[in-house]
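K.L.:
The structure is given below, and queries will be raised subsequently.
Read the figures in this text as sums done on the coordinates, not as results from a lab. Not measured: the values here are computed from a predicted model. Here the Cβ positions follow ideal geometry from the backbone for every residue, glycine too, while neighbour counts run over all protein chains shown.
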């Protein structure tokens, strides 16, 4: 299993190189973005994804053809490689694995009303755990919980219409895990959670099914495309 951390900040030359590898539909999508930074992030993010998939599959990045789930997630039909992407601001994470399901999430930590949001979206046990954490540490714990929940849903191929309070994840910094799922007692055994070090002001996690695997971590930028 491979996880790549990427910066979506890029020079005009790097953005142009990434754009060259996009499909006509992807270029049209990029052009619909109103704000230049959003357009840049999409072009560079998709360009990096194509570059990495091209390396793993041994094909030109521009020759890759994506299918999409009903939630808009790209995938490759008739390939055993699974991948997932997440970005927050100019930071992105890419996860790749063969013969397993995968979800990845990254969030830059920003000031939020942690308990108010938790009251709406977290399970009772998660809310209780969050309340017990000292206030100065609560924000980081909130983001750990949120990224673990999102990555798990992505690994299962589910959208955010799934009730976030219907399952419980851990909040401890060094022990990422799925603790329980309503009505599915054996579900936690199916999944592995691994923290991804993305710096002091962000949190990241990858979730994958099946047996535990070594997670190999790398970095890339738009200039590498």
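K.L.:
Using the beta-carbon distance between residue 120 and residue 182 and R0 = 22 Å, what value does 1/(1 + (r/R0)^6) give for FRET efficiency, to the nearest 0.05?
P.N.:
FRET efficiency, residue 120 to residue 182: 0.80.
K.L.:
Here is a follow-up. What order, most packed first, do the peptides 118-129, 93-104 have when packing is the mean number of other Cβ atoms within 10 Å of each residue?
P.N.:
Most protected by this proxy first, the peptides run 93-104, 118-129.
K.L.:
Here's a follow-up. Multiply the residue separation of residue 79 and residue 213 by 0.36 nm, subtract the distance between their alpha-carbon atoms, and state the gained length in nm to one decimal.
P.N.:
46.3 nm
K.L.:
In degrees from 0 to 90, rounded to the nearest 10, what is the angle of the helix 135-155 Cα long axis to the longest principal axis of the chain?
P.N.:
60 degrees
K.L.:
As an exercise, find the ratio Rg/Rh for segment 105-209 from alpha-carbon atoms, using the Kirkwood inverse-distance average for Rh.
P.N.:
For segment 105-209, the value is 0.93.
K.L.:
So, one more: For residue 7 and residue 166, what is the calculated FRET efficiency with R₀ set at 41 Å and r taken between the beta-carbons, to the nearest 0.05?
P.N.:
0.70
K.L.:
Using mean Cβ contacts within 10 Å as the protection proxy, how do 198-206, 46-54, 4-12, 181-189 order, highest first?
P.N.:
Sorting 198-206, 46-54, 4-12, 181-189 by mean packing, highest first, produces 46-54, 198-206, 4-12, 181-189.
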